[in-house]
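So that we are looking at the same thing, I have put the structure below in structure tokens.
The values are calculated or read from the model by the stated rules, or taken from the named source; none is laboratory data. Since the structure is predicted, the reported quantities are computational estimates derived from the model, not experimental observations. Heads up, the Cβs are rebuilt from the backbone with ideal geometry, glycines too, and the neighbour counts pull from every protein chain shown.
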Amino acid sequence: MLFKSNFKDLCFFAIHYVKDSDVAKDIVQEAFFSLWQKKDRIDLSKPVRSYMTSAIRNKCLNYIRDHKKFSDTILESEDQYFKSHYKPHDRLIEEELRIKIKTSIEELPVKCREIFVLSRYEKLKYLEIADRLQISVKTVETQMSKALTHLRIRLAEFMTILLISFIRLFD
């Protein structure tokens with residue numbers, strides 16, 4: 001039951017990392033097998049799904065580390081595939097989403113927004129942000145958590161659209 005009810009969602013989670021549905025399925029199956037092997041040692045008072053997402057995330061990161069053979073041509077072909085399946089009405093939704101993201105970011109408190117922009121747009125690590133702003137890494141973590149929670153709430157109406165778009169990529 002656990003496998004059937006969670007397999008598809010966990011595959012989508014894995015695809016986010018590895019960008020390959022077959023690899024994602026393999027990773028999820030390995031994670032379920034590992035769960036079965038460790039069933040006597042796992043704390044069942046905690047949600048199993050949390051354990052599974054952590055295990056799958058780690059397996060995905062290991063896979064990425066071990067298979068660093070992506071070239072620019074592969075990335076370009078992925079980009080071409082995406083562009084060929086991109087519909088004009090998607091551009092309207094994309095523009096609406098872009099405006100909503102911008103507005104949501106502008107709603108953040110000044111320091112929180114600054115930390116978010118440094119992390120997501122300037123690609124700085126938390127330690128680099130802390131050094132630049134002369135604050136603790138814990139403060140950066142807290143502010144990022146607040147920013148992401150705010151964005152998750154404000155952009156909730158777009159999650160279905162994003163999920164459908166994501167699913168279309170693998171049809």
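When you look at R132, is it within 19 Å of T103 (Cβ to Cβ), of a type outside the set (A, V, I, L, M, F, W, C), surrounded by 12 or more Cβ atoms within 10 Å (Cβ to Cβ) and at pLDDT 75 or above, yes or no?
When the stated conditions are applied, R132 does not pass them.
Which of the residues belonging to the stretch 128-156 are more than 15 Å from the chain's Cα centre (by Cα), more than 14 Å from C112 (Cβ to Cβ) and touching a residue at least 12 places away in the same chain (Cβ under 8 Å)?
Selection gives R132 alone.
Regarding the stretch 75-87, can at least one residue be identified that is basic (K, R) and modelled with pLDDT under 75?
yes
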